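We did not get these values from a lab; they are worked out from the coordinates using the rules stated. Predicted, not measured: the structure shown is a model, and the values here were computed from it. Glycine gets a Cβ as well: all are built from the backbone with ideal geometry, and neighbour counts include every protein chain shown.
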Ligand code: HEM
């Protein structure tokens with residue numbers, strides 16, 4: 001294993017999303033930001049399109065690991081951004097529940113991106129491919145519900 005890989009592995013173990021904590025940091029409301037979810041999703045898609053064709057190429061693994069971590073950074077941004085579709089939900093309690101459900105899916109995506117980086121670091125192309133399939137499925141479900 002190269003030094004770079006070991007460094008990335010160490011970084012991966014440090015990366016985590018803020019955990020939901022109802023008493024001290026409610027996450028039932030999104031953060032207003034100049035950065036929109038639409039733009040973050042577009043940026044994620046650019047990386048996804050680069051990742052897809054090289055996922056089974058071991059020579060590209062260091063770059064693919066870097067891309068997985070870039071995806072995690074974007075996913076972290078997505079976690080607290082407002083979802084336009086939910087602006088139309090008038091009942092505050094229902095809106096809050098829907099937003100928490102959105103965040104649950106985003107957290108799941110973050111975990112899969114970490115799994116992807118780990119599979120690539122282990123040169124396990126089959127597992128990397130399966131993880132990408134799971135991410136695609138999550139994207140499908142997330143878009144159907146929130147886009
Ligand atoms: C691999 C994972 C994903 C990719 C590559 C991806 C990509 C995209 C793309 C290309 C768009 C359209 C942006 C545009 O209008 O130009 C979009 C929109 C959106 N995505 Fe994703 N997505 C992913 C996963 C998810 C997940 C898991 C969720 C929900 C939990 C989600 C929620 C949304 C929402 C709500 C929008 C609409 C944003 C808006 O127009 O305000 N996405 N996504």
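For this structure, a couple of remarks:
- By the count of other C-beta atoms within 10 Å, a proxy for reagent exposure, 67, 147 are ordered fewest to most as 147, 67.
- Compactness of region 33-146, taken as the C-alpha radius of gyration over 2.2 N^0.38 Å, stands at 1.14.
- Listing 49, 136 from fewest to most neighbouring C-beta atoms within 10 Å gives 49, 136.
- Added length on full extension, which subtracts the Cα-Cα distance from 0.36 nm per residue, residue 124 to residue 94: 6.6 nm
- Computed on region 39-147, with alpha-carbon pairs under 8 angstrom and 6+ residues apart, the relative contact order is 34 percent.
- Peptides 87-94, 106-113 ordered by packing proxy, namely the average of other Cβ atoms within 10 Å per residue, highest first: 106-113, 87-94.
- Amide N proximity, region 61-103 versus residue 35 label position 7 Å along Cα-to-Cβ, cut-off under 14 Å: 70-82
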